[in-house]
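The values are calculated or read from the model by the stated rules, or taken from the named source; none is laboratory data. The structure presented is a predicted model; accordingly, all values stated were derived computationally and were not measured. Cβ placement follows ideal geometry from the backbone for every residue including glycine, while neighbour counts extend to all protein chains displayed. Surface accessibility is based on the protein's heavy atoms, side chains included, excluding ligands, DNA and RNA. Shrake-Rupley method; radii C 1.70, N 1.55, O 1.52, S 1.80 Å.
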Amino acid sequence: MKNYILYFITGLTSLNLHAQNFESIPDSLKVDAVCLILDNSETLEIFSKNKFIHSTKSKSLVLKNEDNSVNNILIYYNQFDKVENIEIKITDISGKKIKTIKKKDFQDIAYQDGFTIASDSRYLVYRIIGIPTPYIVEKEIVKTSAQTFSLPGFSPYEGKNISILKSEFRIINHDINNQLYFYNPIEIKFDTIFSEGKLVYSTVCENQSHKLLYNKYSKKDENYVRPMLSNFSMENKDGSFDSWKDFGKWIWELSKETGELNDASKKEIQSIIMDAKNNKEKLNRLYSYLQQNMRYVSIQLGIGGWKPMNVQQVHDFKYGDCKALSNYMKHVLNVAGIPSKYVIINAGVAENLDDTTLVRNSFNHAILAAFPDNDTVFLECTSSKTAAGYLGSFTGNRHALMIDGENSKIIKTKEYSHQDNVIENIFEIDIENHNVLHSQLLKGIGIEHKGLFYMINLPPELLLNHLMENGNDINELKLIQKELKNDLSSQEINISTSFQSRKKILKTGSRYFVDLNFDLLPVDLMYKNPDNGKLHVFNGFSVSDHYDVKVPQGCYIEKLPKETSFESEAGYIQSSIINLENGSFSYKRNIVIKKGKYSLEKDKDSTILMDKLRKVYTDKIVVNCRS
């Protein structure tokens, strides 16, 4: 089929395609491609800090009907935007019109993320289906906006298996006294000219195969360039990206418009802390009050995506989003005389604000920094489970913007390292009966391993189902004991289970093959996909595995894993074997991976460490019971 498509495209001149220059497309762009962007032109025209127009005109050749940005058309808009025009024309490769699609043909749907119950964000959606390939899709889309806080970005990467013949992005800035600059993690080069009283920025991407684009952009956290104006406006609230202080001041002014708690609410709060001995005890009581009485509900209406809702409404209605609950908790602590600061942050798997020299909006969440008794305690105000001070992998180890008027500044949240992410396993293995007794201690961020922290207080049946789903070849699982310690000083989980495993303790003939990977490494708490040959370890971890293996009577150990000892800047691996009485033995393994960024080039110590790590988790013990 692939050969047919290649032959078909290279012979396009016989179908009157010479005028459209399709025959000149390099073969490298066609091989295994599902779509070719023949000519894409995007223009962002900025008239003032209260108005821009974003227009797109493109022509694409669809070779295979797959779900992608060409035939699954999504146009985002919100209350500040207006979609002025949509014209989509579909033709066959000879230029004969197949279909025309107008704005009225699009489905208008609300943005859904699984959390938000009220939002101004919407999508116009149209999916092209049922048209035999190959065919041409021509798009003209024009959208205006009455804000400049968030400007449209650009990426040459359109998705997997999409090649680009030509794609151009231009910005025309009429407001030349309002400086335009770029957050440019993909290092696209722009040409800049001054023409007829306007500054024009332009970049062109040409003759890029889908393989090259995928390798270059797909593994990046952000694979697009984002333009920003020094001075912006949203809902007639003017702000500035000139400094973190200026941006923080804009957020500060929004939070000042959220009102105060009334006297009755303040009396209720004071009654909770009436006999508290110190500010830390007050903090813990009030944080528990928040967790027990308020629920997280995401509301993103207009500037409400940045402005918290009225604090008295939060108190009365008992709900709010991250902004509302963090701002509300700030007012609650004010009643108790405990100072605190509102903080905006990018929550999720990893830091995205490594470089703080460029002021930009890189935030999707809000938390609170409280200062009881000259200490700093971060509060995750949307969680009903976490202890005061625990940020974990969600918001720990990263930069954030603390909002304090003229004193707003970048801060660093709680630091976590391999010493704060601990997993200790003891496995007692009865080979003959395929039985395993597993005792596990999780400390610090380790409590998040396999989602246990969020599941540990489930009823036993549901907890066992979760463990089964996150295990490998676990049968007849039984819960022996579980315990959660979750307070300001420490977080720990102790859990013991028993189960059978006939794959990890595999009998073939007279031999038993015993795997040494009964529990997975906590890589979900560790690193992201390598980018440009670098491994980014977020928090690091320490894992201790202890296997006590009971060898059946009359059997002997045929093969043991080699003892290992290797250390690099990224951490170390140590394993040892201790022979016990009655032919049994213990295998011990300690692994430490430290937080940081490490090279994955061949022969580098960090690469060797990762290779050894994979090897020790594929090692097996072989026991032979041949008489």
Counting only residues in region 569-627 that are among the polar types (S, T, N, Q) and either closer than 23 Å to Pro552 by Cα or assigned to a loop (DSSP other than H, G, I, E, B) (or both), the one farthest from the chain's Cα centre (by Cα) is identified as Ser627
The condition of being of a type outside the set (A, V, I, L, M, F, W, C) and not in a strand (DSSP E or B) holds, among Thr144, Thr133, only for Thr133
The residue from Leu151, Leu124 that alone is surrounded by 13 or more Cβ atoms within 10 Å (Cβ to Cβ), in contact (Cβ under 8 Å) with a residue 24 or more places away in the chain, under 27 Å from the mean Cα position of the chain (by Cα) and assigned to a loop (DSSP other than H, G, I, E, B) is Leu151
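Answer yes or no as to whether Leu29 is surrounded by fewer than 19 Cβ atoms within 10 Å (Cβ to Cβ) and either within 14 Å of Pro134 (Cβ to Cβ) or at pLDDT below 95 (or both). I'd like the intermediate steps shown before the answer.
Values: surrounded by fewer than 19 Cβ atoms within 10 Å (Cβ to Cβ): no; either within 14 Å of Pro134 (Cβ to Cβ) or at pLDDT below 95 (or both): yes.
Considered against the rule, which asks whether it is surrounded by fewer than 19 Cβ atoms within 10 Å (Cβ to Cβ) and either within 14 Å of Pro134 (Cβ to Cβ) or at pLDDT below 95 (or both), Leu29 comes out as no.
Can you name every residue in region 387-446 that is of a type in the set (Asp, Glu) and in contact (Cβ under 8 Å) with a residue 24 or more places away in the chain?
If the condition is that a residue be of a type in the set (Asp, Glu) and in contact (Cβ under 8 Å) with a residue 24 or more places away in the chain, then Asp404, Glu406, Asp420, Glu424, Glu428, Asp430, Glu432 are the ones that fit.
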Residue hits (region 452-492; within 26 Å of the chain's Cα centre (by Cα), of a type in the set (Asp, Glu) and open to solvent by 70 Å² or more (accessible area, probe 1.4 Å)) are Glu469
Picking from Ile447, Ile474, Ile456, Ile480, the residue that is among the aliphatic types (A, V, I, L, M) and touching a Ser or Thr at 6+ places or on another chain (Cβ under 6 Å) would be Ile480
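Among Ala347, Ala324, which is open to solvent by less than 50 Å² (accessible area, probe 1.4 Å), assigned to a helix (DSSP H, G or I) and modelled with pLDDT of 90 or more? Lay out the reasoning, then the answer.
Details: Ala347 fails: assigned to a helix (DSSP H, G or I).
Within the list Ala347, Ala324, the selection yields Ala324.
Could you identify the single residue in Asp81, Asp32 that is over 11 Å from Lys143 (Cβ atoms) and in contact (Cβ under 8 Å) with a residue 40 or more places away in the chain? Break it down stepwise before answering.
Numbers: Asp81 fails: over 11 Å from Lys143 (Cβ atoms).
Answer to the check: Asp32.
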Within region 335-344, residues buried (at least 16 other Cβ atoms within 10 Å of the Cβ) and closer than 16 Å to Ile403 by Cβ come out as Ser340, Lys341, Tyr342, Val343, Ile344
Picked from region 383-403 (must be open to solvent by less than 40 Å² (accessible area, probe 1.4 Å) and over 17 Å from Tyr416 (Cβ atoms)), the residue nearest to the chain's Cα centre (by Cα) is Leu401
Taking region 562-586 and keeping only residues that are modelled with pLDDT under 90, open to solvent by less than 60 Å² (accessible area, probe 1.4 Å) and of a type outside the set (Gly, Ala, Ser), one is left with Phe585
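So which residues in region 258-286 are open to solvent by 80 Å² or more (accessible area, probe 1.4 Å) and either touching a strand residue (DSSP E or B) at 6+ places or on another chain (Cβ under 7 Å) or in contact (Cβ under 8 Å) with a residue 40 or more places away in the chain (or both)?
Initially, region 258-286 is screened for residues open to solvent by 80 Å² or more (accessible area, probe 1.4 Å), giving 260, 263, 267, 270, 274-275, 277.
Those that are open to solvent by 80 Å² or more (accessible area, probe 1.4 Å) and either touching a strand residue (DSSP E or B) at 6+ places or on another chain (Cβ under 7 Å) or in contact (Cβ under 8 Å) with a residue 40 or more places away in the chain (or both): Glu260, Gln270.
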Scanning region 166-212 for residues that are more than 18 Å from Lys51 (Cα to Cα), of a type in the set (A, V, I, L, M, F, W, C), open to solvent by 50 Å² or more (accessible area, probe 1.4 Å) and not in a strand (DSSP E or B) gives Leu212
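Please tell me if Ala110 is without any contact (Cβ under 8 Å) to a residue 24 or more places away in the chain and either of a type outside the set (Phe, Trp, Tyr) or under 25 Å from Ile162 (Cβ atoms) (or both). Spell out the reasoning first.
On the way: without any contact (Cβ under 8 Å) to a residue 24 or more places away in the chain: yes; either of a type outside the set (Phe, Trp, Tyr) or under 25 Å from Ile162 (Cβ atoms) (or both): yes.
Answer is yes for this residue.
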Exercise for review: Kindly indicate whether any position in region 301-312 is open to solvent by 20 Å² or more (accessible area, probe 1.4 Å), at pLDDT 95 or above and part of a helix (DSSP H, G or I).
Suggested key: yes
